[in-house]
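Undergrad: Before I ask anything, here is the structure I am working with.
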Amino acid sequence: MISIVLFGTGNLATHLFKALLKAEKFKVVQVYNHKPESLDFFKEKTNTTTNLAEVVPADIYLVALKDDVIPVLAKKLIYKNALVVHTSGATPMSVYSNFEKFGVFYPLQTFSKNKTVDFKNIPICIEANNEVDLQILEQLALEITIKVYKISSEQRKVLHVAAVFVSNFVNYLYTEGQEICTRNKIPFEILHPLILETASKIIDLSPKEAQTGPAKRNDLEVINSHLELLNEEQQKIYKILTGSIQNLHGKEL
């Protein structure tokens, strides 16, 4: 059995822990976080600690913490024989180069504690400073998913930016769409089927092929009527996105 100490108790750490409970060849032997109350969920399932000096030796140290904490932790870990990996999309693998064995274990998904996820379809991007440990991370990933990708730090940084566009920015637009509905006393749930259909279309079509709407059609009358319904900030967003869509499809306002 390959032992793991999990650092972190946030959204990703919690879902990783739940998935690893079902693993056959890997076991989380301890969870660390500096806030005692955040460890309540884990206490009945494994050993926990709030003290870095009490972190037990393990085969893998899996760090699922905020990006700005990752390099700080690297300087404080006492046990240096573990394979130390973080789960960040933006932090380079080299942040742990003071260890003999280091790498990255990056699940590419958005996580919320109260939303159940099916890990078997979540892509996990792995990287390590040697081939042996890369194989270990691949085995770990295959315990919980069928989608494993060997991605370099530079590729992962680019992938993270792409993920921000297709997830974080899109979710912000959902927020604005909901505000427009709420302000006009329209149930936001009316848009749910449209959201799901738009997302599912790009499985079979490229995003460019799937593009529809007044910006692609260069329908100035509709565009101008939309702008009249929006607040100042929403107008800025609408104009930027409309212009970008039209530039992509060879049309201008």
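The values are calculated or read from the model by the stated rules, or taken from the named source; none is laboratory data. Bear in mind the structure is a predicted one, so any value in this text is a computation, not a measurement. Cβ placement follows ideal geometry from the backbone for every residue including glycine, while neighbour counts extend to all protein chains displayed.
Undergrad: If you go through region 123-136 one residue at a time, how many are of a type outside the set (S, T, N, Q), more than 15 Å from SER88 (Cα to Cα) and in contact (Cβ under 8 Å) with a residue 24 or more places away in the chain?
TA: 3
Undergrad: Here is a further query. Please work out if ASN81 is of a type outside the set (Val, Ile, Thr) and under 17 Å from LYS101 (Cβ atoms).
TA: yes
Undergrad: Would it be correct to say that ILE203 is at pLDDT 95 or above and not charged (D, E, K, R)?
TA: no
Undergrad: Out of all the residues in region 160-175, is one or more surrounded by fewer than 13 Cβ atoms within 10 Å (Cβ to Cβ) and among the small types (Gly, Ala, Ser)?
TA: Yes, region 160-175 contains at least one residue that is surrounded by fewer than 13 Cβ atoms within 10 Å (Cβ to Cβ) and among the small types (Gly, Ala, Ser).
Undergrad: Something else now. Could you say which residue among ARG156, ARG183 is touching a residue at least 60 places away in the same chain (Cβ under 8 Å), over 19 Å from GLN246 (Cα atoms) and among the basic types (Lys, Arg)?
TA: On inspection, the qualifying residue turns out to be ARG156.
Undergrad: Which one of these is under 28 Å from VAL84 (Cα atoms) and at pLDDT 95 or above: ILE122, ILE186, ILE136, ILE195?
TA: After ruling out the rest, the residue left standing is ILE136.
Undergrad: Tell me which residues, restricted to region 23-65, are among the basic types (Lys, Arg) and in contact (Cβ under 8 Å) with a residue 40 or more places away in the chain.
TA: Passing the criteria: only LYS25.
Undergrad: Oh, and also: Here are some conditions: (1) more than 25 Å from ASN121 (Cβ to Cβ); (2) surrounded by 15 or more Cβ atoms within 10 Å (Cβ to Cβ). ASP40 meets all but one. Which one does it not meet?
TA: (2)
Undergrad: So THR48 ticks every box in (1) in contact with a Gly (Cβ under 9 Å, 6 or more places away or on another chain); (2) buried (at least 20 other Cβ atoms within 10 Å of the Cβ) but one. Which box is left unticked?
TA: Unmet condition: (1).
Undergrad: Can you give me the number of residues within region 61-105 that are buried (at least 21 other Cβ atoms within 10 Å of the Cβ) and over 24 Å from GLU154 (Cβ atoms)?
TA: 1
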